[in-house]
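Student: One structure follows; several queries about it will come next.
We did not get these values from a lab; they are worked out from the coordinates using the rules stated. Note that this is a predicted model, so its numbers are computed, not measured. Neighbour counts run over all protein chains shown; Cβ positions are idealised from the backbone, glycine included.
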Amino acid sequence: MIPFRFIHAADLHLDSPFAGMSGVPDKLRQHLQQSTFAALKHLVELAIAEQADFIVVSGDVYDASDSSLRAQLRLREAWDLLGAHGIPVYVIHGNHDPLNAGRLRLAHPEHVMVFGSAVESVVAQRRSDGQPVAVISGISYPTSAVRENTSLQFRRDPSSELYHIGLLHANVDGQEGHDAYSPCSLRDLQQSGYDYWALGHIHKRQILHEAPWIVYPGNLQGRSMKETGAKGCYVVDVDQYGRAELSFRALDHVRWLEAELSITGLSSEEQLRDQAEEKLDELREQSEGRLQIVRFVLTGRGPLHAMLQTGSEGEELIQELRRRESRLLEIEELGMDKVARMVWPAGLKVRTGFELDREALLREDSFLGELLRLADSAEREEALLEEIVGSALSSVSDHRRLRQLVREMEAEDKAALVRQAAEMAMSLLTEQETKGGARR
Ligand SMILES: [Mn+2]
């Protein structure tokens with residue numbers, strides 16, 4: 001086999017509207033609305049820099065079937081730039097941008113192959129010498145809802161020694177949160193004889209199987225709090241033995257994330273605000289030039305818990321933090337970069353608990369009291385600590401590396417584990433009792 005390199009991307013959702021973001025400054029909204037285009041630009045730049053032999057795009061190029069002219073023109077611009085660098089693109093359409101969509105039919109440049117509504121196969125070449133390296137097969141959605149298992153239509157060419165790549169926009173094994181379009185099982189794909197399934201549709205990045213590779217790269221740009229973390233594509237290197245190596249590359253222009261903030265040990269709202277501001281500044285340091293949108297998840301237990309139950313206090317905190325972030329927009333010296341330096345607080349999730357009287361619980365004649373007393377003793381008696389940690393971690397003893405890690409743990413680390421477990425048990429058990437009604 002001849003070594004080659006390709007890029008696998010999916011779910012570009014170009015020109016996503018980002019509706020429903022309330023209280024966002026105009027500049028930030030514009031930045032958001034540009035984000036899917038910026039991510040596409042990053043994809044093109046990456047392909048050029050990495051000298052990829054080709055790119056595969058596994059559906060949902062556009063966000064809406066009546067995609068804007070703007071989206072089509074920007075895509076064309078990106079394809080043209082790739083064409084100028086001699087990089088072919090293989091594309092399928094998905095449920096968001098089916099073939100029957102009412103968009104204008106811009107002719108595709110020659111180096112862009114768009115698959116039709118029945119499985120087609122083409123041979124891709126290595127750019128440096130034109131040698132054939134892979135068979136690429138794909139199928140597009142003719143309409144927005146495909147209910148049959150189209151993966152069964154893919155057939156490996158038995159006479160071909162080339163690496164086989166299948167492009168499919170599908171829900172494998174009925175993953176939640178996405179329509180069950182083009183439903184198929186992992187087994188269907190494993191048994192197909194294909195070497196790499198370039199999937200799209202599920203926006204969460206995941207490698208379902210290695211050799212054959214069954215891969216969702218996730219979408220190129222997160223679009224809401226449901227799509228947190230780094231978003232991008234995979235660069236895939238196939239070596240002379242047909243072994244692939246995948247490397248994820250972040251391409252997102254805006255990043256959505258959740259940040260945990262503990263109220264344990266805090267006694268005033270002012271302290272909570274200070275902690276939140278510190279967290280925002282910490283995130284800003286790691287921004288790498290990306291606008292970040294963050295939702296705080298408040299955890300821990302303490303006096304602030306009761307205050308946070310009213311709802312309005314949390315909302316006021318968020319407003320206060322937004323006001324502080326908005327001030328960045330007024331600093332002229334930052335120029336165009338100021339939006340990218342923002343860490344916008346999108347909201348608050350309250351997962352806190354009321355303060356517990358640990359001392360009283362320790363004296364209590366109950367399961368929880370017994371459990372806390374045991375945890376406390378374990379901190380003082382090494383043999384007991386070893387016994388508890390040993391039995392709790394027995395399930396990892398089959399794994400050589402994990403077993404080694406457990407063996408290397410200091411007594412202090414083990415005690416911390418037991419302490420954490422006791423805290424967690426305390427939270428879970430008391431919460432259950434509170435939900436269930438009367439607490440004795
Ligand atoms: Mn999609």
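Student: Collect the residues in region 3-37 that are buried (at least 18 other Cβ atoms within 10 Å of the Cβ) and more than 17 Å from residue 224 (Cβ to Cβ), keeping them in residue-number order.
Tutor: Matches in region 3-37: 4, 5, 6, 7, 8, 9, 10, 37.
Student: What number goes with the only condition from (1) of a type in the set (D, E, K, R); (2) in a loop (DSSP other than H, G, I, E, B); (3) buried (at least 16 other Cβ atoms within 10 Å of the Cβ); (4) away from the ligand (no atom under 16 Å from the Cβ) that residue 161 does not pass?
Tutor: Result: residue 161 passes all but (3).
Student: Go through region 271-300 residue by residue and tally those that are within 24 Å of residue 24 (Cα to Cα) and outside any strand (DSSP E or B). Quick ask: steps written out before the conclusion?
Tutor: If we filter region 271-300 for residues that are within 24 Å of residue 24 (Cα to Cα), which is where we start, we get 272-298.
With the extra rule that they be outside any strand (DSSP E or B), the set shrinks to 272-290.
Total satisfying the criteria: 19.
Student: I'm told residue 219 meets every condition in (1) in contact with a strand residue (DSSP E or B) (Cβ under 7 Å, 6 or more places away or on another chain); (2) over 19 Å from residue 147 (Cα atoms); (3) surrounded by 21 or more Cβ atoms within 10 Å (Cβ to Cβ); (4) not acidic (Asp, Glu) except one. Can you identify the failing condition by its number?
Tutor: Against the list (1) in contact with a strand residue (DSSP E or B) (Cβ under 7 Å, 6 or more places away or on another chain); (2) over 19 Å from residue 147 (Cα atoms); (3) surrounded by 21 or more Cβ atoms within 10 Å (Cβ to Cβ); (4) not acidic (Asp, Glu), residue 219 comes up short only on (1).
Student: Scan 187, 156 and give me the residue that is part of a loop (DSSP other than H, G, I, E, B), surrounded by fewer than 22 Cβ atoms within 10 Å (Cβ to Cβ) and not aliphatic (A, V, I, L, M). Break it down stepwise before answering.
Tutor: Details: 187 fails: part of a loop (DSSP other than H, G, I, E, B).
Step by step, each of 187, 156 is checked, and only 156 is part of a loop (DSSP other than H, G, I, E, B), surrounded by fewer than 22 Cβ atoms within 10 Å (Cβ to Cβ) and not aliphatic (A, V, I, L, M).
Student: Would you mention how many residues in region 279-315 are acidic (Asp, Glu) and under 30 Å from residue 249 (Cβ atoms)? Spell out the reasoning first.
Tutor: Step one: filter region 279-315 for residues acidic (Asp, Glu), giving 281-282, 285, 288, 313, 315.
Cutting the leftovers down to under 30 Å from residue 249 (Cβ atoms) gives us 281-282, 285, 288.
Qualifying residue count, region 279-315: 4.
Student: Now, a different point. State yes or no: is residue 82 within 16 Å of the ligand (Cβ to nearest atom) and touching a helix residue (DSSP H, G or I) at 6+ places or on another chain (Cβ under 7 Å)? So that I can check it myself, show each step before the final result.
Tutor: On the way: within 16 Å of the ligand (Cβ to nearest atom): no; touching a helix residue (DSSP H, G or I) at 6+ places or on another chain (Cβ under 7 Å): yes.
Answer is no for this residue.
Student: Is it true that some residue in region 397-410 is of a type in the set (A, V, I, L, M), surrounded by 12 or more Cβ atoms within 10 Å (Cβ to Cβ) and closer than 21 Å to residue 299 by Cα?
Tutor: no
Student: Could I ask something else about it? Out of 297, 254, I need the residue that is in contact with a Lys or Arg (Cβ under 7 Å, 6 or more places away or on another chain) and over 11 Å from residue 343 (Cα atoms). Which one? Write out each step before concluding.
Tutor: Numbers: 254 fails: over 11 Å from residue 343 (Cα atoms).
Being in contact with a Lys or Arg (Cβ under 7 Å, 6 or more places away or on another chain) and over 11 Å from residue 343 (Cα atoms) holds for just one of 297, 254, which is 297.
Student: Sort out which residues of region 204-244 are in contact (Cβ under 8 Å) with a residue 40 or more places away in the chain, of a type in the set (Phe, Trp, Tyr) and part of a strand (DSSP E or B), and write them in order of number.
Tutor: Across region 204-244, the qualifying residues are 216, 234.
Student: Further question: Step by step: first the residues of region 282-300, then only those that are in contact (Cβ under 8 Å) with a residue 40 or more places away in the chain and of a type in the set (D, E, K, R), then the one that is nearest to residue 353 (Cα to Cα). Which residue is that? Give the steps one after another, and end with the answer.
Tutor: As a first pass, look at region 282-300 and keep what is in contact (Cβ under 8 Å) with a residue 40 or more places away in the chain: 283-284, 287, 289-300.
Those still in the list that are of a type in the set (D, E, K, R) too: 284, 290, 295.
On the way: 284: 29, 290: 34, 295: 19 Å.
Residue satisfying both the conditions and the ranking: 295.
Student: A further question follows. Just checking, does region 132-147 include any residue being over 30 Å from residue 69 (Cβ atoms) and either acidic (Asp, Glu) or within 16 Å of the ligand (Cβ to nearest atom) (or both)?
Tutor: First, the residues of region 132-147 that are over 30 Å from residue 69 (Cβ atoms): 132-135, 137, 147.
From the residues that got through so far, the ones that are either acidic (Asp, Glu) or within 16 Å of the ligand (Cβ to nearest atom) (or both) too are none.
So far as region 132-147 goes, no, none of its residues is over 30 Å from residue 69 (Cβ atoms) and either acidic (Asp, Glu) or within 16 Å of the ligand (Cβ to nearest atom) (or both).
Student: Answer with yes or no whether residue 53 is within 16 Å of the ligand (Cβ to nearest atom) and either of a type in the set (S, T, N, Q) or touching a residue at least 40 places away in the same chain (Cβ under 8 Å) (or both).
Tutor: On the way: within 16 Å of the ligand (Cβ to nearest atom): no; either of a type in the set (S, T, N, Q) or touching a residue at least 40 places away in the same chain (Cβ under 8 Å) (or both): yes.
Spelling it out, it is not the case that residue 53 is within 16 Å of the ligand (Cβ to nearest atom) and either of a type in the set (S, T, N, Q) or touching a residue at least 40 places away in the same chain (Cβ under 8 Å) (or both).
Student: Of all residues in region 273-282, which are touching a Leu at 6+ places or on another chain (Cβ under 8 Å) and either exposed (fewer than 15 other Cβ atoms within 10 Å of the Cβ) or basic (Lys, Arg) (or both)?
Tutor: Correct list: 273, 279.
Student: Can we say residue 37 is in contact with a strand residue (DSSP E or B) (Cβ under 7 Å, 6 or more places away or on another chain), more than 20 Å from residue 203 (Cβ to Cβ), away from the ligand (no atom under 15 Å from the Cβ) and of a type in the set (Phe, Trp, Tyr)?
Tutor: Values: in contact with a strand residue (DSSP E or B) (Cβ under 7 Å, 6 or more places away or on another chain): yes; more than 20 Å from residue 203 (Cβ to Cβ): no; away from the ligand (no atom under 15 Å from the Cβ): yes; of a type in the set (Phe, Trp, Tyr): yes.
When the stated conditions are applied, residue 37 does not pass them.
Student: Mind listing whichever residues of region 56-79 are within 16 Å of the ligand (Cβ to nearest atom), under 22 Å from residue 248 (Cβ atoms) and either of a type in the set (A, V, I, L, M, F, W, C) or assigned to a helix (DSSP H, G or I) (or both)?
Tutor: Selection gives 56, 57, 61.
Student: Given the conditions (1) within 20 Å of the chain's Cα centre (by Cα); (2) without any contact (Cβ under 8 Å) to a residue 12 or more places away in the chain, report the number of the one that residue 310 does not fulfil.
Tutor: (1)
Student: Taking region 165-217, which residues are within 16 Å of the ligand (Cβ to nearest atom), in contact with an Asp or Glu (Cβ under 7 Å, 6 or more places away or on another chain) and among the small types (Gly, Ala, Ser)?
Tutor: Hit for region 165-217 is 200, nothing else.
Student: Here's another thing I want to ask about it. Do you know which residues across region 95-137 are buried (at least 17 other Cβ atoms within 10 Å of the Cβ) and free of Cβ contacts under 8 Å to residues at least 12 places away in the same chain?
Tutor: Correct list: empty.
Student: From the set of residues in region 5-24 that are among the small types (Gly, Ala, Ser) and either within 15 Å of the ligand (Cβ to nearest atom) or closer than 14 Å to residue 250 by Cα (or both), which is farthest from the chain's Cα centre (by Cα)? Steps first, answer last, please.
Tutor: Pass one, region 5-24, residues among the small types (Gly, Ala, Ser): 9-10, 16, 19-20, 22-23.
Remaining after also requiring either within 15 Å of the ligand (Cβ to nearest atom) or closer than 14 Å to residue 250 by Cα (or both): 9-10, 16.
On the way: 9: 14, 10: 13, 16: 17 Å.
Only one residue tops the list, namely 16.
Student: Given the criteria over 29 Å from residue 294 (Cα atoms), within 14 Å of the ligand (Cβ to nearest atom) and not aromatic (Phe, Trp, Tyr), does residue 93 qualify? Can you show your working first?
Tutor: Values: over 29 Å from residue 294 (Cα atoms): yes; within 14 Å of the ligand (Cβ to nearest atom): yes; not aromatic (Phe, Trp, Tyr): yes.
So residue 93 fits the description; yes.
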